[in-house]
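Have a look at the structure below before the remarks.
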Amino acid sequence: MRTLEFRAMGSHMLAVLDRDDEAADAQLAAVPAWFEEWEQQMSRFRPDSDLMRLNAAGHAEQVPDALLKVVRVALQAARESAGLVRPTVLDALAAAGYDRSFDQLPADGASVAALPAPDWRGVAP
């Protein structure tokens, strides 16, 4: 068995392959780069991420396929939950104090009031 531990997306990650060969080592070595690529596209904590560029643009922008798929899934979740789950919560999260990654938030677990999020139905993938 081969394992690889690393940090990504504000979390401790563990990748495991139930194989013991050089190919497994090569495959595991590639995993952090996948997360880095996804984070570069979808992080709301990196001002230069594709997601943050899209949020700042306020109009249609070309985005990588992975980000487009995530937006489509988020909009589908909003439709299927009648808006209970919605992809338009950025400003509400920041106003509630969740404006940095989990590992930088206060450890006291203080709760924050829920704030309304903008209507998701105006988002077009």
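The values are calculated or read from the model by the stated rules, or taken from the named source; none is laboratory data. None of the values given here were measured: they were computed from a predicted structure. Every residue, glycine among them, receives a Cβ derived from its backbone with ideal geometry; neighbour counts consider all protein chains shown. The area values use the complete protein model at the heavy-atom level, side chains included, leaving out ligands, DNA and RNA. Shrake-Rupley method; radii C 1.70, N 1.55, O 1.52, S 1.80 Å.
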Legend entry - Furthest towards positive pole of dipole, A82, Q41, L4, structure part the chain, Cβ charges: A82
Legend entry - Entry for Cα extents along the principal axes in Å (calculated from the structure that is shown) out of (i) 35, 32, 20; (ii) 49, 38, 26; (iii) 51, 39, 29: (iii)
Inset, instruction - Could you calculate the contour length gain from A30 to Q76, that is, 0.36 nm times the residue separation minus the distance between their Cα atoms, to one decimal place in nm? - result: 13.5 nm
Legend entry - Accessible area (Å², per residue) of the chain, counting only protein heavy atoms and a probe of 1.4 Å: 70 Å²
Legend entry - Positive minus negative residues near T88 (Lys, Arg vs Asp, Glu; Cβ under 15 Å): +3
Legend entry - Share of carbon and sulfur in the accessible heavy-atom surface of the chain [1.4 Å probe, %]: 57 percent
Legend entry - FRET efficiency, A8 to A66 (Cβ-Cβ, R0 22 Å, nearest 0.05): 0.90
Inset, instruction - Enter the angle in degrees (range 0 to 90, nearest 10) between the Cα long axis of helix 65-80 and the first principal axis of the Cα atoms of the chain, meaning the one along which they spread out most. - result: 50 degrees
Inset, instruction - Please give the helix 22-42 orientation as an angle from the longest Cα principal axis of the chain, in degrees from 0 to 90, rounded to the nearest 10. - result: 10 degrees
Legend entry - Sites D18 and M52 - FRET efficiency at Förster radius 41 Å, r taken between beta-carbons, to 0.05: 0.65
Inset, instruction - Within segment 41-72, find all residues whose amide N lies under 19 Å from a label point positioned 7 Å from the Cα of D91 along Cα-to-beta-carbon. - result: 44-45, 51-61
